[in-house]
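Enquirer: Mind having a look at this structure? Questions to follow.
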Amino acid sequence: MGKQVSELRSWFLRNVLEAAERQLGTPAVSGLRSRLPPRLAAHASLARLRASAALDCVPLDEGEEILLSVDSFLGDGTGKLLESLGVDLAARLLSQDGSVARSGDLAGTVARLQTFVEYPFVGVPLLFELRKSLTGFSLIVGVTGHSRATRAVRHLTIGAIIAAERFAREVGAENLKISAENIADRSNIIARYLPLGGQVVPEPAPPTRRPQPVRLPTASLSAEVERILRSSAPPRPLEEESQPPESMTLRVANVPAIRGPASKR
């Protein structure tokens with residue numbers, strides 16, 4: 001059994017070029033064909049694409065090159081044009097199918113755009129993994145084994161996220177921050193935002209001073225008063241001070257008295 005050929009649906013290329021025509025005008029899109037090599041120029045004809053059947057496809061290697069050529073020849077090559085075309089295409093889908101957009105749930109709306117991203121590709125697995133986070137969500141997309149197609153999908157998907165925000169109405173465009181990084185045939189897209197009316201809770205600052213040394217507890221007030229009273233008590237009489245304790249006195253009660261010599265009468 002032969003290896004399945006990777007392809008891109010012709011109607012998807014038609015939709016991309018028609019979106020570019022709406023934004024840039026017919027002359028710009030018509031002039032694109034003259035800047036492409038002959039093997040690609042035939043697939044970039046809007047007249048031919050509009051006449052194609054629903055199941056017609058072009059080889060993926062050629063389709064991905066046309067997508068990137070649209071961005072480099074009609075845009076500035078940074079992906080901004082493809083993102084704008086992604087906004088156009090996703091917004092049309094969201095306006096036509098009300099079941100896709102989820103009010104107040106941007107991540108949920110983007111998750112429902114998975115078919116929009118993966119359906120144009122035939123015979124090749126497309127990665128689409130969305131995970132919510134405390135600040136928004138992350139989305140991994142990629143066309144397995146095709147890094148150039150992944151680049152195009154990355155920009156189109158970012159545009160789809162921007163369109164989803166307009167319909168979900170959860171965060172506001174000014175609060176939505178999107179960043180992305182490509183690694184081979186995968187692109188990691190990070191969307192950070194706050195709900196409308198949300199506030200950022202500042203994290204506590206780390207201590208800047210050394211903790212004070214622990215001091216031993218001071219004497220209680222009653223003990224201090226007792227010490228003062230003892231120090232101020234009058235001294236005892238001297239004789240009492242010099243009197244030896246009872247244990248040191250001699251007991252002479254039973255000792256016979258010593259008499260002197262008898263006196264003469």
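The values are calculated or read from the model by the stated rules, or taken from the named source; none is laboratory data. Predicted model, so just to flag it, every value in this text is computed and none were measured. All Cβ positions, even for glycine, are placed from backbone atoms using ideal geometry, and neighbour counts span all protein chains on display.
Enquirer: Determine if segment 164-182 includes at least one residue that is within 24 Å of Gly123 (Cβ to Cβ) and at pLDDT 90 or above.
Expert: Yes, that holds for at least one residue.
Enquirer: Leu32 is checked against (1) of a type outside the set (Lys, Arg); (2) in contact with a Phe, Trp or Tyr (Cβ under 7 Å, 6 or more places away or on another chain); (3) surrounded by fewer than 17 Cβ atoms within 10 Å (Cβ to Cβ) and fails just one. What number does that condition carry?
Expert: In the conditions (1) of a type outside the set (Lys, Arg); (2) in contact with a Phe, Trp or Tyr (Cβ under 7 Å, 6 or more places away or on another chain); (3) surrounded by fewer than 17 Cβ atoms within 10 Å (Cβ to Cβ), Leu32 misses (3) alone.
Enquirer: Restricting segment 19-54 to residues that are hydrophobic (A, V, I, L, M, F, W, C) and in a loop (DSSP other than H, G, I, E, B), which is modelled with the lowest pLDDT?
Expert: Ala54
Enquirer: List the helices (runs of 4 or more DSSP H) that sit entirely inside segment 84-184 and contain at least 3 residues that are touching a residue at least 12 places away in the same chain (Cβ under 8 Å) and buried (at least 20 other Cβ atoms within 10 Å of the Cβ).
Expert: In segment 84-184, 106-111, 147-168 are the helices (runs of 4 or more DSSP H) which contain 3 or more residues that are touching a residue at least 12 places away in the same chain (Cβ under 8 Å) and buried (at least 20 other Cβ atoms within 10 Å of the Cβ).
Enquirer: What number of residues in segment 1-31 are under 27 Å from Gly145 (Cα atoms) and either over 35 Å from the mean Cα position of the chain (by Cα) or among the hydroxyl-bearing types (Ser, Thr, Tyr) (or both)?
Expert: 9
Enquirer: Related question: Which condition from (1) at pLDDT 95 or above; (2) touching a Leu at 6+ places or on another chain (Cβ under 8 Å) is the one that Val100 breaks?
Expert: Here Val100 meets the rest and fails (1).
Enquirer: Could you check Leu67 against (1) assigned to a loop (DSSP other than H, G, I, E, B); (2) of a type outside the set (D, E, K, R); (3) surrounded by 14 or more Cβ atoms within 10 Å (Cβ to Cβ) and say which number it fails?
Expert: Among (1) assigned to a loop (DSSP other than H, G, I, E, B); (2) of a type outside the set (D, E, K, R); (3) surrounded by 14 or more Cβ atoms within 10 Å (Cβ to Cβ), the lone unmet condition for Leu67 is (1).
Enquirer: Same structure, new question: Identify all residues within segment 76-118 that are under 26 Å from the mean Cα position of the chain (by Cα) and polar (S, T, N, Q); write none if there are none.
Expert: Thr78, Ser84, Ser103, Thr109, Gln114, Thr115
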